[in-house]
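Taking it in order: structure first as structure tokens, then the write-up.
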Amino acid sequence: MKSFKNHLRTMAGGMLILTGMLLATTVALADDMGGGMGDMNGMSGMSSGTGSAPASVGHGKGVVKSVDTAAGTVTITHGPIKAFGWKGMTMAFAVKHRSDLSALKKGEHVRFDVIQDTQGPVITKIEELP
Ligand SMILES: [Cu+2]
């Protein structure tokens, strides 16, 4: 009986030490997060740029690859967008104005303005290039 109590006491002591270690680890992780959040902006596959300024407008040029009127998106192969530090790529954009979307056709060369919304990039203005 006595040894059982001792055993319990040992376990309790171990738990306290473990809890202390977990707390220390949590604090250390929190510190890491605070320092590293700036690198987590931007989309994967895109080089991180000045992602911390959500109000900035990016200007891009590209070719329409497909239009999804149901989803409200257009897929564009676009060149670099300096405002966001993006390289050229093919990607889908949400389009703010449905009327813009319905006017787009596959193969068209376009110029567009894009902002970074909380849900991702949104084209606010798009026009066909001559
Ligand atoms: Cu892109």
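The values are calculated or read from the model by the stated rules, or taken from the named source; none is laboratory data. Note that the structure is predicted; figures quoted are calculated from it, not measured. Counting neighbours? That spans all protein chains shown, and the Cβs are built from the backbone with ideal geometry, glycine included. Side chains are part of the model used for accessible areas, which takes the heavy atoms of the whole protein and leaves out ligands, DNA and RNA. Shrake-Rupley method; radii C 1.70, N 1.55, O 1.52, S 1.80 Å.
Things worth noting here:
- Residue-level check: of (1) away from the ligand (no atom under 14 Å from the Cβ); (2) closer than 19 Å to PRO130 by Cα, THR77 misses just (1).
- Whichever residue in the stretch 102-120 is modelled with pLDDT under 95 and not β-branched (Val, Ile, Thr) and, among such residues, is least open to solvent (accessible area, probe 1.4 Å): GLY120
- Enumeration of residues in the stretch 80-122 that are over 11 Å from HIS59 (Cβ atoms), within 14 Å of the ligand (Cβ to nearest atom) and assigned to a loop (DSSP other than H, G, I, E, B): GLY85, LYS87, GLY88
- In the stretch 54-74, residue farthest from the ligand (Cβ to nearest atom) [restricted to those that are open to solvent by 70 Å² or more (accessible area, probe 1.4 Å) and farther than 24 Å from SER102 by Cα]: ALA55
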